[in-house]
Amino acid sequence: MFKPWLTSSILNSIKKKNNLYRNYIKTKSPTLKANYIKYKNKLVSIIRLAEKQYYVSKLVEVKDNISKTWKIMNQMCGRNSMHKRINEINVND
């Protein structure tokens, strides 16, 4: 899934977090575990802030169009605009 708020610097930080995790798993060092957890928690807060800023800017762009505003709100909630319909149900006895 494409997430536009994930910038190249955030993606690089995700790679670094994954490397920190791999190093911790290899050594089981409590120091490496603490470093990984601290980095992961900071990265999660940065990602959440970037997502929030992305949606705020999108909502500001379409503030005069209620239809587009609701489309963005539904994206934020994870709702898909396409509803799947069941055309036929087959029952095998």
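The values are calculated or read from the model by the stated rules, or taken from the named source; none is laboratory data. Since this is a predicted model, take the numbers as computed values, not measurements. Positions of Cβ are backbone-derived with ideal geometry, glycine not excepted, and every protein chain shown enters the neighbour counts. Accessible surface is based on the protein model in full, side chains and every heavy atom, while ligands, DNA and RNA are left aside. Shrake-Rupley method; radii C 1.70, N 1.55, O 1.52, S 1.80 Å.
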Qualifying trypsin sites (Lys or Arg not before Pro) in the stretch 23-93, DSSP loop, other Cβ atoms within 10 Å at most 13: K28, K63, R79, K84, R85
Spatially proximal lysines relative to K16 (Cα-Cα < 22 Å; intrachain offsets below 8 disregarded): K3, K26, K28, K33, K38, K40, K42
DSSP H segments from the chain that extend 27 Å or more along their own axis, Cα-based, with Kyte-Doolittle mean of -0.5 or above: 30-61
Farthest toward positive dipole pole in the chain [+1 Lys/Arg, -1 Asp/Glu at C-beta], among L6, N87, L43: L43
Principal axis dimensions, largest first and in whole angstrom, of the chain by Cα: 55, 55, 18
Carbon + sulfur, % of accessible area of the chain - ligands and nucleic acids excluded, 1.4 Å: 54 percent
Accessible area per residue in Å² at 1.4 Å probe, computed on the chain: 90 Å²
Most positive-pole-ward Cα, N19, S57, P30, against dipole of the chain from beta carbon charges: P30
Full-extension gain in nm, M73 to W5, via 0.36 nm per residue minus C-alpha separation: 22.9 nm
Full-extension gain in nm, S29 to I66, via 0.36 nm per residue minus C-alpha separation: 8.0 nm
